[in-house]
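Only one structure is covered here, and it is reproduced in the block below.
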Amino acid sequence: MSKSQGPSSLKRKRPDLGTKNSSGGALIGQEKVLYDLICSKQSMGICTFDMKRETKFAESVVTKSLKSLQTKGLIKIVQHYQNKGKKFYLSNDFEPAKELTGGNWYRDGELDKDYINTLKQVCARMIQRKKLMTIEGIVESFKQSGAFKVELSREQIEEIVNALVLDNQVMEVKSSGFGEFEFIPIGKICYKYCTQGGGLKGEPKIGAMASIPCGVCPRITYCTPNGIISPATCVYYTKWLDF
C-alpha cells in the first residue's frame, strides 16, 4: 500500500466496452453490466452481495462474470482491512479508498507499526533539536529532510505529533509572544520535547502560567494589584487579554 493516498484518480483510459478490451475479448451482456456497476463505485468498490442485489443476477452468473473480468485484467479484489473475509471488487482504473485499506497507516490490511514508529522517532528528534516548533515548522522540516521517498501530508504529520503528545514525548504549549516565543504569534500552538518524566528536557515541566506573559515576566515578584507594576497597568498582560 502506498504511504500517502490522495483522491482516487484514473490510472489509464477506460476501455471501450462496446468493442474489444485490452485482452482482446468483447464485453457483452452480464459482463458489461457488472463492469459498468463496478466502475460506477469508483474507489469504494462493491461486494458480491451488493452486485447480486443491484443487478438481480444469480450467484453463478456473478461468479462467472467476475472471473472473466479478472482474467481480462479489468478488475481487482481488495480485502477490507477490518474484515479480511469481505472482498470488494474495483476497476483497475481506481485505487482503493482509505475506507477499505485503512488509510495511510495500513499496509496490506495491517497497521504499519514500524513505519509509524520511524516517523515518530524522526519527528521527536526534530523537535528536540529545535527545542520549540510550530506544526508548520515541523511540516517544513519533513519536506527538507528528504528522509522519506513519499511526501507526507500535513494531516499525517499532525497525527504523528499528536501521537507523540499522547506518549508524553512532546508537550503542547501556547505561545506567550515573549522570551523564546518572541517570534511566534500569541496563542499559537507550539511543541516542545519532553523528558521521560514528562517535563521539558533541561527545564521544569510547563504549567498553565507559561502560556501567559506573567509566567516569564522577570518582575512578577513586584507585581501587586495596586502597585506601580500591576496587571491593570501591564501593557503585555493587556495585549495578551486582547488576543
message = Kindly evaluate I127 against the criterion of being part of a helix (DSSP H, G or I), touching a strand residue (DSSP E or B) at 6+ places or on another chain (Cβ under 6 Å) and within 23 Å of K174 (Cβ to Cβ).
response = yes
request  = For V139, work out the one condition from (1) in contact with a strand residue (DSSP E or B) (Cβ under 8 Å, 6 or more places away or on another chain); (2) surrounded by 15 or more Cβ atoms within 10 Å (Cβ to Cβ); (3) not acidic (D, E) it doesn't fulfil.
outcome  = (1)
task = For T238, indicate whether it is at pLDDT below 65, of a type in the set (V, I, T) and part of a helix (DSSP H, G or I).
result = no
ask   = Which residues, counting only those in segment 63-91, are buried (at least 20 other Cβ atoms within 10 Å of the Cβ) and in contact with a Lys or Arg (Cβ under 6 Å, 6 or more places away or on another chain)?
value = L90
key: Which numbered condition R129 fails, given (1) surrounded by 12 or more Cβ atoms within 10 Å (Cβ to Cβ); (2) at pLDDT 90 or above; (3) out of contact with any Lys or Arg (no Cβ under 9 Å at 6 or more places or on another chain)   = (1)
query = Do the conditions hold for V173, that is, is it under 25 Å from C190 (Cβ atoms), in contact with an Asp or Glu (Cβ under 9 Å, 6 or more places away or on another chain) and either among the aliphatic types (A, V, I, L, M) or in the same structural domain as K41 (by TED's automatic domain parsing) (or both)?
reply = no
ask   = S60 is checked against (1) small (G, A, S); (2) buried (at least 19 other Cβ atoms within 10 Å of the Cβ); (3) over 27 Å from Q156 (Cα atoms) and fails just one. What number does that condition carry?
value = (2)
ask   = From the set of residues in segment 174-185 that are in contact with a helix residue (DSSP H, G or I) (Cβ under 6 Å, 6 or more places away or on another chain) and not polar (S, T, N, Q), which is nearest to T238 (Cα to Cα)?
value = F178
task = Keeping to segment 171-188, report how many residues are out of contact with any Cys (no Cβ under 6 Å at 6 or more places or on another chain), at pLDDT 90 or above and not in a loop (DSSP other than H, G, I, E, B).
result = 2
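The values are calculated or read from the model by the stated rules, or taken from the named source; none is laboratory data. Everything quoted here is computed from the prediction, not taken from an experiment. When we count neighbours, we look across all protein chains shown, and the Cβ atoms used for this are built from the backbone with ideal geometry, even at glycine.
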